[in-house]
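Each remark here refers to the structure printed beneath this line.
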Amino acid sequence: MKKVYLSMLFAVLIFTTSIHAQAAPDASFAGEWPRVDTGSDGFPLMVTNTGSEVHLIDCDNQDCSVNTVTTILAQSGDPFITIGADGFPRIVIHEYAAKTAKQIRCDDAECTTYTTDTVNTGYPIASQQGIENIAVLPDNTLAFMAAVTGVNGIDAIYTHCLQLECTSVSSKSIYATPAFPTRGAFFGDASDIEIDSNGLPQLVYAHQFHAGLFLASCDDVNCTTFTNVPLSVHPVPSQNGQERVYPDLELTSQDLPRISFGQTRGPSAGSYEGYPDARLILCDDTLCTTKTDKIIDTDYNAGYYVRLELNSQDYPVMVYDYLLEDPYTKGLK
């Protein structure tokens, strides 16, 4: 994902604009699974699922009070967006009903015309599994992380399209040797992908039940070989707490990983201690062999979904959800 510069982040925090409404019967889905990137004009580009269609929202100013909405797919799906090597939007949609994935290759910055490809993921896509995050390599081919049901649970799979149209792929299972094999693999519950300055994939993925967070640094675009580094592992794996949930990976201008995530505080999901804290990992080197762990917020249920961007000075800027018990309050920080 492209960096969002500090001035734009301030604009997003200062201005709250209703940018997309949906008439009945799909009003409740007007903003389901929205994702955002920065277009070549420096303004936000968003994709969202309305419940019956996937829309691209092209903002013409920083607060997106002026925008153009384009219907990309006339059916429901989970959309992802990034910017291709050509500077144009690249959208991938996990289609629930068809159990397939579509790639949208835009021909211009506004995606007024585009080409649609059916992505050969290399595995069946069911409603409980599918693409987690996407990126585009320097040759403009697509790469993505996916959650795929395996023998012992859910595997984290890296896939690289071998041509622009993604008619054939190279797929690789990316997970550490299970430290506690009796509890299943489940290494693909949540993952993210970024491309470093050498054009190589950097991957982060979570193991919800073993409560581990891992960074995989690929040695080539197909990730034939890679270095797998555990970032955090629960010392008491028999407990169902301490999950590392929904990691978000960004790379600094020096390719140093920055990873945000939520971490629950105890084994009981039914107690206050079972809710997550917002956390951040700052790696000291590209392989993250040494790092600094930061606790950003320990308020009750703060940080189940933590999203991260880096500003023009490589400083982390995060947004995350919170829920307070007394008085009952929920929102974003």
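Pairs please, first residue from segment 57-81 and under 21 Å from A135 (Cα atoms), second anywhere and surrounded by 22 or more Cβ atoms within 10 Å (Cβ to Cβ) and among the aromatic types (F, W, Y), Cβ atoms under 9 Å, 6+ apart in sequence or on different chains.
Close Cβ pairs satisfying both conditions: F80/F144.
Any chance segment 102-116 includes a residue that's in contact with a strand residue (DSSP E or B) (Cβ under 6 Å, 6 or more places away or on another chain), among the hydrophobic types (A, V, I, L, M, F, W, C), in a strand (DSSP E or B) and surrounded by 15 or more Cβ atoms within 10 Å (Cβ to Cβ)?
Yes.
Output the residues belonging to segment 71-88 that are buried (at least 17 other Cβ atoms within 10 Å of the Cβ) and either part of a strand (DSSP E or B) or among the aliphatic types (A, V, I, L, M) (or both).
I72, L73, G77, D78, P79, F80, I81, T82, I83 - these are the residues of segment 71-88 that are buried (at least 17 other Cβ atoms within 10 Å of the Cβ) and either part of a strand (DSSP E or B) or among the aliphatic types (A, V, I, L, M) (or both).
Name the single residue, out of those in segment 280-300 being modelled with pLDDT of 90 or more and among the hydroxyl-bearing types (S, T, Y), that is nearest to Y320 (Cα to Cα).
T292
Yes or no, residue by residue, for (1) at pLDDT 50 or above; (2) surrounded by fewer than 18 Cβ atoms within 10 Å (Cβ to Cβ):
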position	(1), (2)
M1	no, no
L6	no, yes
F15	no, yes
H20	no, yes
T38	yes, no
G51	yes, yes
C64	yes, no
V69	yes, yes
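Determine which member of the set S197, S191 is crowded, with 19+ Cβ neighbours inside 10 Å, among the polar types (S, T, N, Q) and either in a loop (DSSP other than H, G, I, E, B) or modelled with pLDDT under 90 (or both).
Just a single option satisfies the conditions, and that option is S191.
Return the residues of segment 40-56 that are assigned to a loop (DSSP other than H, G, I, E, B) and either of a type in the set (V, I, T) or within 18 Å of C106 (Cα to Cα) (or both); say none if nothing qualifies.
Correct list: S40, D41, G42, F43, T50, E53.
What's the number of the only condition in (1) of a type outside the set (D, E, K, R); (2) at pLDDT 90 or above; (3) surrounded by fewer than 20 Cβ atoms within 10 Å (Cβ to Cβ); (4) part of a strand (DSSP E or B) that I91 fails to meet?
(3)
The values are calculated or read from the model by the stated rules, or taken from the named source; none is laboratory data. Model, not experiment: these values are computed from the prediction. Ideal geometry is used to build each Cβ from the backbone, glycine not excepted, and the neighbour counts take in all protein chains shown.
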